[in-house]
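K.L.:
Before I ask anything, let me first share the structure, which is written out below as C-alpha coordinates.
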Amino acid sequence: MAVKLKSGDEVRRMRAAGRVVGETLAQVREMVRPGLNLLEVERFVRDEFIRQGAEETFLHYTPDPKRFPPYPSNICISVNEQLVHGIPRDRKLEEGDIVSFDLGATKDGFVGDAAITVGVGRISPEAERLIKVTEEALWAGIHAARTGTHLNDICGAIEDVALAAGFGIVRGYGGHGVGREMHEEPHVPNHRIRFRGQPLRTGLVLALEPMFTVGSPEVGEMDDRWTVSTKDGSLCCHFEHTIAIKEGCEPEVLTLA
Ligand code: MF3
Ligand code: CO
(Lines give C-alpha, C1' and ligand atoms only; values in the text may rest on other atoms or scores of the structure.)
(Ligands and ions follow the chains in the order given, each with its own letter.)
Protein backbone atom coordinates (compact mmCIF):
# COMPACT_ATOMS: atom_id res chain seq x y z
CA MET A 1 0.00 0.00 0.00
CA ALA A 2 1.34 3.43 -0.94
CA VAL A 3 1.40 6.66 1.04
CA LYS A 4 -1.72 8.77 0.35
CA LEU A 5 -1.00 12.51 0.38
CA LYS A 6 -4.06 14.60 1.25
CA SER A 7 -5.24 17.62 -0.71
CA GLY A 8 -5.84 20.92 1.08
CA ASP A 9 -9.55 20.16 1.02
CA GLU A 10 -9.03 16.72 2.54
CA VAL A 11 -6.88 18.18 5.32
CA ARG A 12 -9.66 20.68 6.01
CA ARG A 13 -12.11 17.81 6.27
CA MET A 14 -9.76 15.95 8.61
CA ARG A 15 -9.92 18.86 11.06
CA ALA A 16 -13.49 17.90 11.92
CA ALA A 17 -12.57 14.38 13.01
CA GLY A 18 -9.48 15.69 14.80
CA ARG A 19 -11.53 18.22 16.73
CA VAL A 20 -13.97 15.56 17.96
CA VAL A 21 -11.06 13.51 19.26
CA GLY A 22 -9.26 16.47 20.86
CA GLU A 23 -12.35 17.86 22.55
CA THR A 24 -13.55 14.50 23.80
CA LEU A 25 -10.13 13.62 25.22
CA ALA A 26 -9.94 17.01 26.98
CA GLN A 27 -13.24 16.22 28.69
CA VAL A 28 -12.09 12.70 29.59
CA ARG A 29 -9.03 14.25 31.24
CA GLU A 30 -11.36 16.32 33.43
CA MET A 31 -13.28 13.19 34.50
CA VAL A 32 -10.17 11.49 35.93
CA ARG A 33 -10.29 10.98 39.72
CA PRO A 34 -9.86 8.06 42.12
CA GLY A 35 -12.99 5.90 41.89
CA LEU A 36 -13.76 6.65 38.23
CA ASN A 37 -15.04 3.47 36.60
CA LEU A 38 -13.55 2.80 33.15
CA LEU A 39 -17.00 1.85 31.84
CA GLU A 40 -18.22 5.38 32.66
CA VAL A 41 -15.57 6.74 30.28
CA GLU A 42 -16.67 4.39 27.49
CA ARG A 43 -20.29 5.51 27.96
CA PHE A 44 -19.24 9.16 27.96
CA VAL A 45 -17.36 8.73 24.68
CA ARG A 46 -20.29 6.95 23.05
CA ASP A 47 -22.62 9.81 24.06
CA GLU A 48 -20.13 12.45 22.86
CA PHE A 49 -19.88 10.78 19.44
CA ILE A 50 -23.67 10.96 19.10
CA ARG A 51 -23.72 14.59 20.31
CA GLN A 52 -20.88 15.62 17.95
CA GLY A 53 -22.15 13.59 15.00
CA ALA A 54 -19.06 11.37 14.81
CA GLU A 55 -18.81 7.72 13.82
CA GLU A 56 -17.01 5.01 15.73
CA THR A 57 -13.51 4.17 14.56
CA PHE A 58 -12.18 1.70 17.15
CA LEU A 59 -15.45 -0.19 17.79
CA HIS A 60 -15.33 -3.51 15.89
CA TYR A 61 -11.95 -2.63 14.36
CA THR A 62 -9.66 -5.53 13.56
CA PRO A 63 -6.34 -5.33 11.72
CA ASP A 64 -6.55 -9.05 10.91
CA PRO A 65 -9.75 -11.02 11.60
CA LYS A 66 -7.79 -14.29 11.76
CA ARG A 67 -5.54 -13.05 14.55
CA PHE A 68 -7.61 -10.45 16.42
CA PRO A 69 -11.18 -10.47 17.69
CA PRO A 70 -12.96 -7.19 16.79
CA TYR A 71 -12.11 -4.42 19.27
CA PRO A 72 -15.15 -4.12 21.58
CA SER A 73 -15.07 -0.40 22.56
CA ASN A 74 -14.76 3.18 21.34
CA ILE A 75 -11.74 4.07 23.45
CA CYS A 76 -8.62 2.24 24.62
CA ILE A 77 -7.88 2.67 28.34
CA SER A 78 -4.54 1.31 29.54
CA VAL A 79 -3.57 1.53 33.23
CA ASN A 80 -0.03 1.50 34.72
CA GLU A 81 1.85 -1.49 33.19
CA GLN A 82 -0.65 -1.60 30.32
CA LEU A 83 0.81 0.28 27.34
CA VAL A 84 -1.92 0.43 24.70
CA HIS A 85 -5.19 -1.18 23.53
CA GLY A 86 -6.56 -1.77 27.04
CA ILE A 87 -10.29 -2.59 26.91
CA PRO A 88 -12.52 -0.50 29.22
CA ARG A 89 -13.88 -2.83 31.90
CA ASP A 90 -15.58 -2.66 35.28
CA ARG A 91 -12.51 -1.28 37.09
CA LYS A 92 -12.10 1.82 39.23
CA LEU A 93 -9.08 4.10 38.96
CA GLU A 94 -7.01 4.41 42.13
CA GLU A 95 -4.88 7.22 43.53
CA GLY A 96 -1.36 6.88 42.07
CA ASP A 97 -2.42 5.11 38.84
CA ILE A 98 -1.36 6.49 35.49
CA VAL A 99 -3.82 5.90 32.69
CA SER A 100 -3.63 6.25 28.94
CA PHE A 101 -6.75 7.15 26.96
CA ASP A 102 -6.45 6.48 23.22
CA LEU A 103 -9.32 7.69 21.06
CA GLY A 104 -10.21 7.58 17.38
CA ALA A 105 -13.24 9.11 15.66
CA THR A 106 -14.45 9.32 12.07
CA LYS A 107 -16.21 12.33 10.59
CA ASP A 108 -16.93 13.25 6.98
CA GLY A 109 -15.12 10.08 5.91
CA PHE A 110 -11.83 10.79 7.68
CA VAL A 111 -10.23 9.61 10.92
CA GLY A 112 -8.63 11.46 13.83
CA ASP A 113 -6.49 9.54 16.34
CA ALA A 114 -4.90 10.77 19.59
CA ALA A 115 -3.91 9.64 23.07
CA ILE A 116 -3.06 11.18 26.44
CA THR A 117 -1.68 9.75 29.67
CA VAL A 118 -2.98 11.21 32.92
CA GLY A 119 -2.04 10.69 36.60
CA VAL A 120 -4.79 9.85 39.08
CA GLY A 121 -4.51 12.07 42.18
CA ARG A 122 -0.96 12.12 43.59
CA ILE A 123 1.46 10.01 41.56
CA SER A 124 5.12 9.09 42.13
CA PRO A 125 7.87 11.47 40.93
CA GLU A 126 9.04 8.77 38.48
CA ALA A 127 5.53 8.45 37.02
CA GLU A 128 5.34 12.24 36.78
CA ARG A 129 8.65 12.37 34.91
CA LEU A 130 7.63 9.53 32.57
CA ILE A 131 4.46 11.39 31.56
CA LYS A 132 6.29 14.70 31.09
CA VAL A 133 9.08 13.16 28.99
CA THR A 134 6.75 11.09 26.77
CA GLU A 135 4.66 14.17 25.97
CA GLU A 136 7.86 16.12 25.30
CA ALA A 137 8.92 13.39 22.84
CA LEU A 138 5.61 13.73 21.01
CA TRP A 139 6.22 17.47 20.61
CA ALA A 140 9.84 16.89 19.57
CA GLY A 141 8.50 14.61 16.83
CA ILE A 142 5.92 17.22 15.81
CA HIS A 143 8.56 19.97 15.57
CA ALA A 144 10.77 17.66 13.45
CA ALA A 145 7.94 17.04 10.96
CA ARG A 146 8.98 19.56 8.31
CA THR A 147 8.94 19.41 4.53
CA GLY A 148 12.41 18.79 3.10
CA THR A 149 13.26 16.27 5.81
CA HIS A 150 12.41 12.57 6.09
CA LEU A 151 10.52 10.19 8.32
CA ASN A 152 13.71 9.20 10.12
CA ASP A 153 14.09 12.77 11.39
CA ILE A 154 10.82 12.37 13.30
CA CYS A 155 11.85 8.93 14.58
CA GLY A 156 15.24 10.24 15.70
CA ALA A 157 13.76 13.27 17.49
CA ILE A 158 11.45 10.98 19.50
CA GLU A 159 14.23 8.49 20.23
CA ASP A 160 16.61 11.19 21.48
CA VAL A 161 14.15 12.39 24.13
CA ALA A 162 13.78 8.85 25.54
CA LEU A 163 17.53 8.22 25.50
CA ALA A 164 18.34 11.52 27.26
CA ALA A 165 15.80 10.69 29.98
CA GLY A 166 16.88 7.05 30.37
CA PHE A 167 13.51 5.55 29.45
CA GLY A 168 12.95 2.42 27.36
CA ILE A 169 11.50 2.67 23.84
CA VAL A 170 8.92 0.05 22.91
CA ARG A 171 9.63 -1.60 19.54
CA GLY A 172 7.07 -3.14 17.23
CA TYR A 173 4.45 -0.46 17.92
CA GLY A 174 4.46 3.11 16.70
CA GLY A 175 2.70 5.80 14.72
CA HIS A 176 1.16 5.57 11.27
CA GLY A 177 -0.36 7.44 8.37
CA VAL A 178 -3.99 8.51 8.93
CA GLY A 179 -6.74 9.30 6.42
CA ARG A 180 -9.89 7.52 5.36
CA GLU A 181 -8.37 4.56 7.18
CA MET A 182 -7.06 4.74 10.73
CA HIS A 183 -3.87 2.92 9.75
CA GLU A 184 -2.27 3.99 6.50
CA GLU A 185 1.34 3.96 5.28
CA PRO A 186 3.92 4.76 6.52
CA HIS A 187 4.58 3.08 9.87
CA VAL A 188 6.32 5.58 12.19
CA PRO A 189 8.74 3.88 14.62
CA ASN A 190 9.73 5.68 17.83
CA HIS A 191 13.42 5.05 17.13
CA ARG A 192 15.78 5.63 14.19
CA ILE A 193 15.46 3.36 11.19
CA ARG A 194 18.18 2.28 8.74
CA PHE A 195 17.09 4.55 5.93
CA ARG A 196 15.95 8.16 5.71
CA GLY A 197 12.47 6.85 4.98
CA GLN A 198 9.47 8.61 3.49
CA PRO A 199 10.20 12.22 2.39
CA LEU A 200 7.99 14.58 4.41
CA ARG A 201 5.71 16.42 2.00
CA THR A 202 2.73 18.72 2.24
CA GLY A 203 -0.41 16.63 2.67
CA LEU A 204 1.25 13.80 4.55
CA VAL A 205 -0.94 13.16 7.60
CA LEU A 206 0.63 11.14 10.39
CA ALA A 207 -0.23 9.94 13.87
CA LEU A 208 2.90 10.17 16.04
CA GLU A 209 2.73 8.03 19.15
CA PRO A 210 5.76 7.70 21.44
CA MET A 211 5.55 4.78 23.90
CA PHE A 212 8.16 4.71 26.66
CA THR A 213 8.79 2.50 29.68
CA VAL A 214 10.46 3.01 33.05
CA GLY A 215 11.90 -0.52 33.02
CA SER A 216 12.47 -3.02 30.22
CA PRO A 217 10.82 -2.06 26.90
CA GLU A 218 9.70 -5.67 26.32
CA VAL A 219 5.92 -5.89 25.92
CA GLY A 220 3.42 -8.66 25.30
CA GLU A 221 -0.23 -9.19 24.40
CA MET A 222 -2.54 -10.24 27.22
CA ASP A 223 -5.14 -13.06 27.15
CA ASP A 224 -7.86 -10.75 25.79
CA ARG A 225 -5.69 -10.56 22.60
CA TRP A 226 -5.74 -6.75 22.72
CA THR A 227 -4.17 -5.31 25.86
CA VAL A 228 -0.43 -4.74 25.44
CA SER A 229 1.53 -4.67 28.76
CA THR A 230 5.17 -4.47 29.80
CA LYS A 231 6.60 -7.92 30.51
CA ASP A 232 8.31 -6.77 33.72
CA GLY A 233 5.16 -5.00 34.96
CA SER A 234 6.88 -1.60 34.97
CA LEU A 235 5.11 1.66 34.25
CA CYS A 236 4.75 2.80 30.66
CA CYS A 237 3.30 5.80 28.88
CA HIS A 238 1.76 6.76 25.55
CA PHE A 239 0.86 10.08 23.89
CA GLU A 240 -0.45 10.62 20.36
CA HIS A 241 -1.51 13.40 18.00
CA THR A 242 -2.58 13.37 14.36
CA ILE A 243 -0.65 16.01 12.38
CA ALA A 244 -0.73 17.35 8.82
CA ILE A 245 2.61 18.34 7.29
CA LYS A 246 2.74 21.77 5.61
CA GLU A 247 5.20 23.43 3.27
CA GLY A 248 7.86 25.43 5.09
CA CYS A 249 6.20 25.63 8.51
CA GLU A 250 5.25 23.67 11.60
CA PRO A 251 2.74 20.89 10.95
CA GLU A 252 -0.88 21.46 11.88
CA VAL A 253 -1.91 19.44 14.91
CA LEU A 254 -5.38 18.20 14.01
CA THR A 255 -6.32 16.62 17.34
CA LEU A 256 -5.97 19.61 19.68
CA ALA A 257 -9.04 20.46 21.80
N1 MF3 B 1 -4.91 4.56 18.24
C2 MF3 B 1 -4.46 3.23 18.29
C3 MF3 B 1 -3.59 2.90 17.12
O4 MF3 B 1 -3.21 3.77 16.45
C5 MF3 B 1 -5.45 2.22 18.72
C6 MF3 B 1 -6.32 1.57 17.75
S7 MF3 B 1 -6.68 -0.02 18.20
C8 MF3 B 1 -8.35 -0.22 18.16
O9 MF3 B 1 -3.23 1.80 16.85
F10 MF3 B 1 -8.60 -1.42 17.98
F11 MF3 B 1 -8.83 0.20 19.26
F12 MF3 B 1 -8.87 0.43 17.19
CO1 CO C 1 -2.71 5.59 16.36
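K.L.:
Out of the residues in region 24-51 that are touching a residue at least 24 places away in the same chain (Cβ under 8 Å) and surrounded by fewer than 16 Cβ atoms within 10 Å (Cβ to Cβ), which is nearest to S100 (Cα to Cα)?
P.N.:
Filtering region 24-51 for residues that are touching a residue at least 24 places away in the same chain (Cβ under 8 Å) and surrounded by fewer than 16 Cβ atoms within 10 Å (Cβ to Cβ), the one nearest to S100 (Cα to Cα) comes out as R29.
K.L.:
Can you name the residue in region 147-173 that is on the phi > 0 side of the Ramachandran plot and in contact (Cβ under 8 Å) with a residue 12 or more places away in the chain and, of all such residues, is farthest from ligand 2 (Cβ to nearest atom)? If you could, list the steps in order and put the result at the bottom.
P.N.:
Our first condition is that a residue be on the phi > 0 side of the Ramachandran plot; within region 147-173, this holds for 148, 166, 172.
Those left that are additionally in contact (Cβ under 8 Å) with a residue 12 or more places away in the chain: 148, 172.
On the way: G148: 25, G172: 14 Å.
Selected residue: G148.
K.L.:
Here's something else I'd like to know. Is there any pair with a first residue in region 191-216 that is within 16 Å of ligand 2 (Cβ to nearest atom) and a second that is assigned to a loop (DSSP other than H, G, I, E, B) and of a type in the set (F, W, Y) whose Cβ atoms are under 8 Å apart and which are 6 or more apart or on different chains, and what are they?
P.N.:
Sorted first by the residue in region 191-216, then by its partner, the pairs are E209/Y173; E209/F239; P210/F239; M211/Y173; F212/F167.
K.L.:
Moving on to the next point. Would you check if there is a residue in region 88-95 being surrounded by fewer than 19 Cβ atoms within 10 Å (Cβ to Cβ), modelled with pLDDT of 95 or more, charged (D, E, K, R) and not in a loop (DSSP other than H, G, I, E, B)? Break it down into steps so the answer makes sense when it comes.
P.N.:
So in region 88-95, the residues surrounded by fewer than 19 Cβ atoms within 10 Å (Cβ to Cβ) come out as 89-92, 94-95.
Now restrict to residues that are modelled with pLDDT of 95 or more: 89-92, 94-95.
Right, trim to charged (D, E, K, R) and you get 89-92, 94-95.
Add one more test, that the residue is not in a loop (DSSP other than H, G, I, E, B), and what stays is 92.
Within region 88-95 (the criterion being surrounded by fewer than 19 Cβ atoms within 10 Å (Cβ to Cβ), modelled with pLDDT of 95 or more, charged (D, E, K, R) and not in a loop (DSSP other than H, G, I, E, B)), the answer is yes, since at least one residue qualifies.
K.L.:
Please verify whether region 212-233 includes one or more residues that are more than 12 Å from ligand 1 (Cβ to nearest atom) and more than 23 Å from L83 (Cβ to Cβ).
P.N.:
The answer is no; no qualifying residue exists.
K.L.:
Can you tell me how many residues in region 115-156 are closer than 18 Å to H187 by Cβ and either part of a helix (DSSP H, G or I) or within 19 Å of the chain's Cα centre (by Cα) (or both)?
P.N.:
Adding up the residues that qualify gives 13.
K.L.:
Tell me which residues, restricted to region 91-104, are within 17 Å of A26 (Cβ to Cβ) and either within 12 Å of ligand 2 (Cβ to nearest atom) or out of contact with any helix residue (DSSP H, G or I) (no Cβ under 8 Å at 6 or more places or on another chain) (or both).
P.N.:
Within region 91-104, V99, S100, D102, L103, G104 meet the criteria.
K.L.:
Here's another thing I want to ask about it. Considering each of E181, E185, E159 in turn, give the residue that is assigned to a helix (DSSP H, G or I), among the charged types (D, E, K, R) and under 22 Å from V253 (Cα atoms).
P.N.:
The match here is E159.
Per-residue answers, yes or no, for (1) closer than 24 Å to V178 by Cα; (2) within 14 Å of ligand 1 (Cβ to nearest atom):
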residue: L39; (1), (2): no, no
residue: L59; (1), (2): yes, yes
residue: P72; (1), (2): yes, yes
residue: D113; (1), (2): yes, yes
residue: I123; (1), (2): no, no
residue: A127; (1), (2): no, no
residue: V133; (1), (2): no, no
residue: W139; (1), (2): yes, no
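The values are calculated or read from the model by the stated rules, or taken from the named source; none is laboratory data. Since the structure is predicted, the reported quantities are computational estimates derived from the model, not experimental observations. When we count neighbours, we look across all protein chains shown, and the Cβ atoms used for this are built from the backbone with ideal geometry, even at glycine.
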